[in-house]
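A quick write-up on the structure given underneath.
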Amino acid sequence: MKPLKPINITYLISSWVSISMIFIIGEVVTRFGVFSSLVIVSAFLLAFAVFFVLQRSPFRIKKSSLLGRFITTIRVLEIYVLHLFICGLIFHTAFHVNMYISIFATAFILMICAVYLPKGQKFRQSIKDTRFILISGLAILLPTYIYLQKGLESLYHNLLYYQPQVLNHDSKSLWMLFLIAFIIFLSKLLLQREVIDKYTGQSFYKVIFKFSMAVFIYCTFILAFATVNVVAITQNLDYSQANELFILLVEKFSLAIVFKVFCIVLYFSTLIILIDSLPPILNERKENTFLSKSFVFILIAAFLTVLIFFHYSLLFIYVFFGCLISLLVMAAFIMQMISSLKRRMSLKLKKS
């Protein structure tokens, strides 16, 4: 069966946005200051501009090759570790559930989903639509809700007098953040080229319009979630790691029942992303290896998440996997250049 072509940009945007983005951008703001969100947006805009220029180049990451399969596996493992981490964080912070129980319970739910959920393309499209709707809702409602609880004037006052380091940050660290973000964004866009290619068959103006809308919406999401975490910094919340700030902020400003409902919605949204990210080998029943491959992959991700939960943050995990993927993408690019040069040299030798 041929895959369904996306009829709008929600498919593209939903492949970019995730719940981990809320927590990662919050940690970036905490570590690098208020203007770091603008740095991230600028890095993404530049990465997409460079990717658009490279769109006509013959460079492709062949997913069927050994290196292509390895890069895809690393990318999926990154998504699973990040979002299993968040699932553990939600229940550990909000409901005081043991982190090991919450992570392995989520892994067990994923195993059930891998076996019993439909495997068709229409179902996957509905999952992506649900993912986009949930994260869009959070991006719209959260900043509005938080700023209604805490006025802009008092927020700026608290930043200026009690957290001045958030407003004034070293430019060298911001340039380093820009460079790392640019490399990671560009590598992941190159990895997504097969998906983005589906939009380039239309007229040039339609392609530009759709891409501009997708980039604008994604950047708006980043800035929206960043502003929420700026408020969290001013509240002097007691936390063990920066990733908890976002959850603790909502808890401080909400009634207990509202906070519990919010955490359940957040967990469900994270679970949707995990289901959407099931690797291709898990989406079709193939002989007797289907269950063993899916179970082993999910368990590896769960064990890895448990090992790093109390030692590393989401930002560290994202940068680690992002840099690893970037190096592998660069290696694939160099290998294709070498093979292309070899073909040209052999053709010249034959002609001579």
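The values are calculated or read from the model by the stated rules, or taken from the named source; none is laboratory data. Keep in mind it's a predicted model, so treat the numbers as computed, not measured. No Cβ is skipped: glycine too gets one built from the backbone with ideal geometry, and neighbour counts run over all protein chains shown.
Take the residues of region 239-255 that are among the aliphatic types (A, V, I, L, M) and touching a Cys at 6+ places or on another chain (Cβ under 9 Å): which is nearest to Leu89 (Cα to Cα)? Break it down stepwise before answering.
Filtering region 239-255 down to residues among the aliphatic types (A, V, I, L, M) leaves 242, 245, 247-250, 255.
In the following step, the residues that additionally are touching a Cys at 6+ places or on another chain (Cβ under 9 Å) were identified as 247, 250.
On the way: Ile247: 9, Val250: 14 Å.
For region 239-255, the residue satisfying everything is Ile247.
State which residue pairs qualify: first residue in contact (Cβ under 8 Å) with a residue 12 or more places away in the chain and closer than 20 Å to Val231 by Cβ and inside region 250-279, second residue surrounded by 14 or more Cβ atoms within 10 Å (Cβ to Cβ) and small (Gly, Ala, Ser) in any location, beta carbons under 8 Å apart, and separation of 6 or more residues or different chains.
From region 250-279, the pairs are Glu251/Ala94; Phe259/Ala94; Phe262/Ser254; Cys263/Ala94.
Can we say Val29 is under 26 Å from Lys198 (Cα atoms), touching a residue at least 60 places away in the same chain (Cβ under 8 Å), in contact with a helix residue (DSSP H, G or I) (Cβ under 9 Å, 6 or more places away or on another chain) and crowded, with 18+ Cβ neighbours inside 10 Å?
no
I'd like the full set of residues that are part of a helix (DSSP H, G or I), under 23 Å from Met335 (Cβ atoms) and without any contact (Cβ under 8 Å) to a residue 40 or more places away in the chain, limited to region 34-90. Walk me through how you get there before you give the answer.
Restricting attention to region 34-90, the residues satisfying the condition of being part of a helix (DSSP H, G or I) are 36-54, 66-90.
Filter once more, keeping what is under 23 Å from Met335 (Cβ atoms): 47, 50-51, 53-54, 66-78.
Within region 34-90, Val53, Leu66, Arg69 qualify.
Among the residues of region 232-274, write down those that are outside any helix (DSSP H, G or I) and among the aliphatic types (A, V, I, L, M). Can you show your working first?
So the first thing to find is which residues in region 232-274 are outside any helix (DSSP H, G or I), and the list is 235-241, 254-255.
Those that are outside any helix (DSSP H, G or I) and among the aliphatic types (A, V, I, L, M): Leu237, Leu255.
How many residues are of a type in the set (Gly, Ala, Ser) and either within 24 Å of Arg31 (Cβ to Cβ) or in contact with a helix residue (DSSP H, G or I) (Cβ under 6 Å, 6 or more places away or on another chain) (or both) if we restrict to region 240-267? Spell out the reasoning first.
If we filter region 240-267 for residues that are of a type in the set (Gly, Ala, Ser), which is where we start, we get 240, 242, 254, 256.
Right, trim to either within 24 Å of Arg31 (Cβ to Cβ) or in contact with a helix residue (DSSP H, G or I) (Cβ under 6 Å, 6 or more places away or on another chain) (or both) and you get 240, 242.
Going through region 240-267 one residue at a time, the tally reaches 2.
Looking at region 35-54, which of its residues are farther than 15 Å from Gly322 by Cβ and small (Gly, Ala, Ser)?
The answer is Ser36, Ser37, Ser42, Ala49.
If you check Ser326, Ser346, which single one turns out to be part of a helix (DSSP H, G or I), of a type outside the set (A, V, I, L, M), at pLDDT 85 or above and under 30 Å from Ser57 (Cβ atoms)? Reasoning before the result, please.
Details: Ser346 fails: at pLDDT 85 or above.
One residue alone meets the criteria, Ser326.
Determine whether region 195-215 contains at least one residue that is touching a Lys or Arg at 6+ places or on another chain (Cβ under 8 Å), closer than 18 Å to Leu314 by Cβ and either of a type outside the set (Asp, Glu) or surrounded by fewer than 19 Cβ atoms within 10 Å (Cβ to Cβ) (or both).
Within region 195-215, not a single residue is touching a Lys or Arg at 6+ places or on another chain (Cβ under 8 Å), closer than 18 Å to Leu314 by Cβ and either of a type outside the set (Asp, Glu) or surrounded by fewer than 19 Cβ atoms within 10 Å (Cβ to Cβ) (or both).
Every residue in region 109-136 that is closer than 14 Å to Thr270 by Cβ and either of a type outside the set (A, V, I, L, M) or not in a helix (DSSP H, G or I) (or both), please. Please lay out each step first, then the result.
Within region 109-136, the subset closer than 14 Å to Thr270 by Cβ is 109-110, 113, 127, 130-131, 134-135.
Scanning region 109-136 gives Cys113, Thr130, Arg131.
Looking only at residues that are within 19 Å of the chain's Cα centre (by Cα) and outside any helix (DSSP H, G or I) in region 275-303, which one is modelled with the highest pLDDT?
Ranking the qualifying residues of region 275-303, first place goes to Ser277.
Quick check: anything in region 196-208 farther than 15 Å from Arg56 by Cα and assigned to a helix (DSSP H, G or I)?
The answer is yes, given that some residue of region 196-208 is farther than 15 Å from Arg56 by Cα and assigned to a helix (DSSP H, G or I).
Which of the residues that make up region 35-64 are β-branched (Val, Ile, Thr), farther than 13 Å from Gln192 by Cα and at pLDDT below 90? Explain how you work it out, then say what you get.
Step one: of region 35-64, the residues β-branched (Val, Ile, Thr) are 39-41, 50, 53, 61.
Within this subset, residues satisfying the condition of being farther than 13 Å from Gln192 by Cα are 39-41, 50, 53.
Of everything in region 35-64, just one residue is β-branched (Val, Ile, Thr), farther than 13 Å from Gln192 by Cα and at pLDDT below 90, namely Val53.
Looking at region 317-336, which of its residues are among the aliphatic types (A, V, I, L, M) and either touching a residue at least 24 places away in the same chain (Cβ under 8 Å) or touching a helix residue (DSSP H, G or I) at 6+ places or on another chain (Cβ under 9 Å) (or both)? Before you say what the answer is, go through the steps one by one.
Our first condition is that a residue be among the aliphatic types (A, V, I, L, M); within region 317-336, this holds for 317, 319, 324-325, 327-332, 334-335.
Scanning region 317-336 gives Ile317, Val319, Leu324, Ile325, Leu327, Leu328, Val329, Met330, Ala331, Ala332, Met335.
Please determine, by comparing only the residues of region 200-236 that are hydrophobic (A, V, I, L, M, F, W, C) and without any contact (Cβ under 8 Å) to a residue 12 or more places away in the chain, which one is nearest to Ile140 (Cα to Cα). Don't jump to the end; show me each part of the working.
Kept after step one, since they are hydrophobic (A, V, I, L, M, F, W, C), are these residues of region 200-236: 204, 207-209, 211, 213-217, 219, 221-226, 228, 230-233.
This time we only want the ones that are without any contact (Cβ under 8 Å) to a residue 12 or more places away in the chain, so: 204, 207-209, 216.
On the way: Phe204: 31, Val207: 26, Ile208: 25, Phe209: 23, Phe216: 14 Å.
It comes out as Phe216.
Out of Thr144, Thr106, I need the residue that is part of a helix (DSSP H, G or I), without any contact (Cβ under 8 Å) to a residue 40 or more places away in the chain, of a type outside the set (D, E, K, R) and over 11 Å from Asp276 (Cα atoms). Which one?
Thr144
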